[in-house]
Structures are given as structure tokens and as C-alpha cells.
Amino acid sequence: MRITKVLAFGAFLCFFFGLLFLAVKWDDHYLAMSFAILLLSFGLLLFRFERRKVEPRELVLLAVLASIAAVGRIPFASIPSVQPTTFVIMMSGFVFGAESGFIIGAVAALASNMILGQGPWTPWQMAAWGLVGLTAGLFRKTKLMNWKWGRVLFGVVWGFLFGWIMNLWGFLSFSQSGTTMTLKAFLTYFAGSALFDFMHAVSNVFFLLVFGTGWVKILRRFKRKYGLLE
């Protein structure tokens, strides 16, 4: 993994959580500032992606993978937190790189919510799933991600991190209704989603163990055969 990618990811995290801290400290503007964080974060990554030379066939591949990830949510919509979307985004970022993984994750969230319902949670889902693809791409050349059980561990971690990011949005939203933002309220709110986060992590493990090796082989074959997103 190149040092520039590590620095870029570190800068992104510092920017994201730095502005989040500002949002929490800025009374009565928690939710507005949170959306500003997301829009600025998207802008930095999309600007970097826009500067790349991407061929039309590569854009088609990104669109297809984002569509698969989006459609994957629909059959499992009745089972809270269980879906193959995170798995598809993770495998895409692992094979095609961090920027492609982020784009696939963000587009998948936006596209799937056109069917399941758009709302103020959509930018947060776009950020969360975008980060899944981004981190999978950043760590794709490490021993952890090239080891089957390392990818499983990665899936478990993101099963909980995704829920925590969405919890953050929910907690900031409640603050707009006059709820006191205390550490106890914060921890209680996060504890309430523990079961759903666990189910998300378990579903990631299932899809990685059953389909992970096959997906990596197929995507790498497409990448080699057509020279996509090298």
C-alpha cells in the first residue's frame, strides 16, 4: 500500500472527525454541520476520482457493480441489517481499488434508496458504504486482506462500524428535537443497535465465507482480461 494512499486516508479521517467534533460543539447546529461534513468529504473524493482518466467501459463496470450492490438490499429488506451490499462493495474495493470502491458504495446507497426510500439518512449511508469500499481498497495489498480470515475479520469490523456511523446520524437527529446530548444518552443509543450491528457482521461473514473466493476470482478475471481500472 503506497504511503500517499495512507496519508490520503488519514487526512480524510482527520477532516471527517474534526468537523464532526466542531458540529457537536456548535450548539443547535448539529445536524446541519453533519451534512456539511459529508458533502465536503464527498467533494474531496469525487474531485480526486474526476481527475482520473476513466474509460467508458470502466464506468459501465462501476455502474454494474453499484447496481448489484443496490439490488442486493431489496430481497433482504424485511430482515434488519442483513444484506449482501456490504460484501459486494468490499469485494469491489478490494479488487479495483479505493476510489472505485468508494464510488460503488456511495452510488449503491443512493440507488437502493430510490426503491427503499430516500431521506436524511441517505448521505450517511453513502458515506458509510463508501468508506467500506475505500478502506477495502486501501488495505487490499496487505497480508490481512489477502488472507481469507483477514477479510472475514474486516467484514465483522465493518458490520459494527457501519451501524455506529448510522447511529451517529440518528443521535445528532435526536439532538434537533431537544434531547440532551450526554455521554450516557450517547452510549444508551449505541447499545440499542448492538443486535442489528451483530446481525450485519454475521451476514458479512456468511457472504464472505460462501461467495468471497468466487467473487474475487471473477472480478480479477474481468480486470485482467479487459485491463479495467489498473
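Some observations on this one:
- Exposure proxy order (Cβ contacts within 10 Å, fewest to most) of Arg151, Arg57: Arg57, Arg151
- Put in line by how crowded their Cβ is, counting other Cβ atoms within 10 Å and starting with the fewest, Val156, Val132 read Val156, Val132.
- Note on Gln118 and Lys148: the model spin-label points, each 7 Å out from Cα along the C-beta direction, lie 4.3 nm apart.
- Relative to the Cα centre, the charge distribution of segment 55-226, modelled as +1 at Lys and Arg Cβ and -1 at Asp and Glu Cβ, gives a dipole magnitude of about 800 debye.
- Each of the peptides 82-95, 215-228 was scored by the mean count of other Cβ atoms within 10 Å over its residues; in descending order, highest first, they stand as 82-95, 215-228.
- Subset of Lys143/Lys223; Lys143/Lys225; Lys143/Lys184 violating a 29 Å alpha-carbon distance limit: Lys143/Lys184
- With a cut-off of 11 Å between beta carbons, the residues surrounding Leu209 carry a summed charge of +2, where Lys and Arg count +1 and Asp and Glu -1.
No lab work stands behind these numbers, since they all come straight from the coordinates. Model, not experiment: these values are computed from the prediction. Positions of Cβ are backbone-derived with ideal geometry, glycine not excepted, and every protein chain shown enters the neighbour counts.
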